[in-house]
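The structure appears below as structure tokens.
Every number in this text was worked out from the coordinates using simple rules, so none of it is lab data. Note that the structure is a prediction, hence the values are computed from the model and not measured. All Cβ positions, glycine included, derive from the backbone under ideal geometry; neighbour counts span all protein chains shown.
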Amino acid sequence: MPDGTAQREAALRIDVVSLFPETITAALAASIPARAIERGLATLTAHDLREWGIGKHRAVDDAPYGGGAGMLLRPEPLVAAIEALRTPESTVILLDAGGETLRQERARDLAARRHLIILCGRYEGVDDRVRAYVDLELSLGDFVLSGGEPAAIALCDAILRLVPGSIDAASLDEESFSTPELLEYPQFTRPPEFRGASVPEILVSGNHGAVAAWRKGEAARRSAARRGGAPGRPAEPQGKAPEGERGR
């Protein structure tokens, strides 16, 4: 972790609230996310929701009114965590299956913010009253996870690699979704032939203009075939205050 000076100067602060905070820090302690943190470009702190739990047992969940399977996270611990961590620059994010599907445009937007508070759901979800204190709800897609931790890890990774200085800018310019409508073009390395499949001749021609045109065309063809031509359509705003003005 960076020293206190680096933390004060970091462009982005991320606080993740989870019942399993160790999973967050362990997963992001290597590669590009770790580099961003080590360089003081961002700070990442994972908090145990039970810090704000109720009573001597630090309870955070209870049975749902009206019956049904499983437990829900209670509003008091979650809202207490939000209020303890929130600043005027905060954006509070709830990871929820019904949220906006995360796309690259949203990741870029969040990487430009100053402070993110990410709430990880668990069990059957959260008491619906928590949503009044949240600025944005995000989902990785239409499938079910055991909790919000894997989604938080994916979200933080997507964001941290976009913080300036985390990764070579040229790499960002050429990867999938650098242009919202396009997947990345096919890539090849050695050997020049593998089990009868050869590297396209144009890539070893030395003609940089022709290579660039080929890559652009292949990216368009791949995008149309795999995503119907719109793999990275911009995220749709939810109409909630982007700078943490709701539910204070």
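What are the residues whose amide H is under 5 Å from the amide H of THR101, where those residues sit 5 or more places off or on another chain and H is modelled from the backbone?
SER139
Could you give me the ³J(HN,Hα) list for region 64-81, computed from phi with Karplus coefficients 6.51, -1.76, 1.60 and θ = phi - 60°, whole Hz, x at Gly and Pro?
So the J values, rounded to whole Hz, are x, 4, x, x, x, 6, x, 10, 10, 6, 6, x, 4, x, 5, 5, 4, 5.
R0 = 22 Å: FRET efficiency of ALA212 with ARG35, Cβ-based, nearest 0.05?
Working: r = 29 Å, r/R0 = 1.31.
My answer for the efficiency is 0.15.
Full-extension gain between LEU140 and GLU89, please, as 0.36 nm times their residue separation minus the C-alpha to C-alpha distance. Provide the component values of the computation, followed by the final result.
Numbers: separation 51, 0.36 × 51 = 18.36 nm, distance 2.45 nm.
Value of the extension gain: 15.9 nm.
What are the ³J(HN,Hα) couplings of region 148-155, residue after residue, when phi is run through the Karplus curve with 6.51, -1.76, 1.60 and θ = phi - 60°? Round to Hz, x for glycine and proline.
Listing the rounded values in order: x, 4, x, 5, 5, 4, 4, 5 Hz.
Using 1/(1 + (r/R0)^6) with R0 = 45 angstrom and r between the beta carbons of ARG226 and ARG114, what's the FRET efficiency to the nearest 0.05? Intermediate values should be presented prior to the final figure.
On the way: r = 35 Å, r/R0 = 0.79.
After rounding to 0.05, the efficiency reads 0.80.
Can you check what the net charge comes to around ASP157, using other residues whose Cβ is under 13 Å from the Cβ of ASP157 (Lys, Arg +1; Asp, Glu -1)? Mind dumping the intermediate values first?
On the way: positive: ARG35, ARG161; negative: GLU149.
Around ASP157, the charge tally is +1.
For region 4-160, what class follows from the C-alpha gyration tensor (a ≥ b ≥ c being the square roots of its eigenvalues): rounded when a/c is under 1.5, otherwise prolate if a/b is larger than b/c, else oblate? Before the final figure, lay out each step's value.
Working: a/c = 1.82, a/b = 1.51, b/c = 1.21.
Note, shape of region 4-160 comes out prolate.
For region 112-124, just list the computed ³J(HN,Hα) in residue order, Karplus coefficients 6.51, -1.76 and 1.60, θ = phi - 60°, integers in Hz, with x standing in for Gly and Pro.
8, 6, 9, 8, 10, 10, 10, 9, 9, x, 7, 6, 8
Please list, ordered by chain and number, the residues whose modelled amide H lies under 5 Å from the amide H of ALA59; skip anything fewer than 5 residues away on the same chain.
ILE54
Can you give the FRET efficiency for ARG58 and THR189, using 1/(1 + (r/R0)^6), R0 = 45 Å, r = Cβ-Cβ distance, to the nearest 0.05? Walk me through the intermediate numbers first.
Details: r = 51 Å, r/R0 = 1.14.
E(calc), rounded to 0.05, equals 0.30.
Sequence-distant or interchain residues sharing an amide H contact under 5 Å with HIS47, placed H: which?
VAL16, VAL17, SER18
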